[in-house]
1. Going toward the positive end of the dipole of the range 222-285, with +1 on Lys and Arg Cβ and -1 on Asp and Glu Cβ, which of L266, V247, G237 do you reach last?
2. Of A141, S201, L178, whose Cα points farthest to the positive end of the dipole of the range 139-285 (charges on the beta-carbon: +1 Lys, Arg; -1 Asp, Glu; origin at the Cα centre)?
3. If you plug each phi of the range 156-171 into the Karplus form 6.51 cos²θ - 1.76 cosθ + 1.60 with θ = phi - 60°, what whole-Hz ³J(HN,Hα) values come out, in order, with x for Gly and Pro?
4. In whole percent, and with a 1.4 Å probe on the protein chains, what portion of the accessible area of the range 222-284 is carbon and sulfur?
5. For the range 157-218, what does the relative contact order come out to in percent, with C-alpha contacts under 8 Å and a separation of six or more?
6. Using the heavy atoms of the protein chains alone and a 1.4 angstrom probe, what is the accessible area of the range 214-285 per residue in square angstrom?
7. Would you kindly derive the ³J(HN,Hα) couplings of the range 90-100 from the backbone phi angles with the Karplus curve 6.51 cos²θ - 1.76 cosθ + 1.60 (θ = phi - 60°), listing them in order in whole Hz, with x for Gly and Pro?
8. Rank-order 193-203, 179-189, 87-97 by packing density, defined as the average count of other C-beta atoms within 10 Å over each peptide's residues, highest first.
Amino acid sequence: MSAPVVKMAGRCFHQLYKLSNSAGRLASGKTGIRQFSGAVVQNAAEPWRLLGAACVQRLAVISADQRPLEAKFSELMNQMELERSLMSDHELRLLDDKERLRRRQAVDYDSDEEEEADRDQDIVLTQDLEDAWEQRLKGFATQPRARGVVDVRLERADRCLAEPLLLLTQQEVGPERLWLLPQTPWEAGETLKSTAQRALSATPGLDLQTVFLGNAPCGLYKYRMPRSVRDREGLTGVKVFFFKAVVSGPLPPPAPSSLWVRRSELKDYLKPSYLEKIRPFLLNL
């Protein structure tokens, strides 16, 4: 009889212990609740300056020219598709004309029977159609393929139409002016994604329509301040959170202190450590 009472008392003590621990965590602020990327950033105890940056890409507008291996594979696939496809109406009509010509050349050909069957029909041979189409084709002129010149002003977003381009802006970082992704400091009460969006709207002369791909940052770049700055301002360093976006509207006009560069040109404008952080999440489409 005493064993069930002891078990029940033990369970009650265990529940009271769990409730006391939960109350202690709530009082100390350690709730264990996950913080999602869309939540408002709270002031951190660490003295790091937070920045939001937008990785804006203009995707390829036209398809790139085929490499020799791609052209050979495409020709092979077209040949396989042709061999496995059904005949078109024109091809079937071409076979009918050949059969009609064979009957006319036969020894036992009956012209009266053939004329009786075709009396109410206007006979147009497939060869006549092909001749008419050939004449129309000679009068058709194709326009040159738009490619987007490579060696034009880098401020123009309509260059290199067969390759994706990345937006860079020139900004002051300490005593230097560096080419970076559009970035701006985080302000209390906003999300880091909102900070990245504000970085685009704050870029002078940039008229751009974009779509951000998700709410979570796609990359992080951080660096520590020099010892003199840390001692003077009490700031350990800077953390830059990158958010990926693509151009969704018409191509923007040129803007001052802004460049549209190819992936192969990034090394000419970005520092190696900075480029190493953003290269993995660039879209190569």
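1. It is G237, whose Cα lies furthest towards the positive end.
2. Result: L178, furthest along the dipole toward the positive end.
3. 3J(HN,Hα) across the range 156-171, in whole Hz: 8, 7, 9, 8, 6, 5, 8, 10, x, 10, 10, 7, 10, 10, 8, 9.
4. Ligands and nucleic acids excluded, carbon and sulfur reach 51 percent.
5. 21 percent
6. For the range 214-285, the solvent-accessible area averages 56 Å² per residue.
7. Once rounded to whole Hz, the list reads 5, 5, 5, 5, 5, 5, 4, 5, 5, 5, 5.
8. Order by mean packing, descending: 193-203, 179-189, 87-97.
The values are calculated or read from the model by the stated rules, or taken from the named source; none is laboratory data. All values derive from a computational prediction rather than experimental measurement. No Cβ is skipped: glycine too gets one built from the backbone with ideal geometry, and neighbour counts run over all protein chains shown. Calculation scope for accessible area: heavy atoms of the full protein, side chains included, ligands and nucleic acids excluded. Shrake-Rupley method; radii C 1.70, N 1.55, O 1.52, S 1.80 Å.
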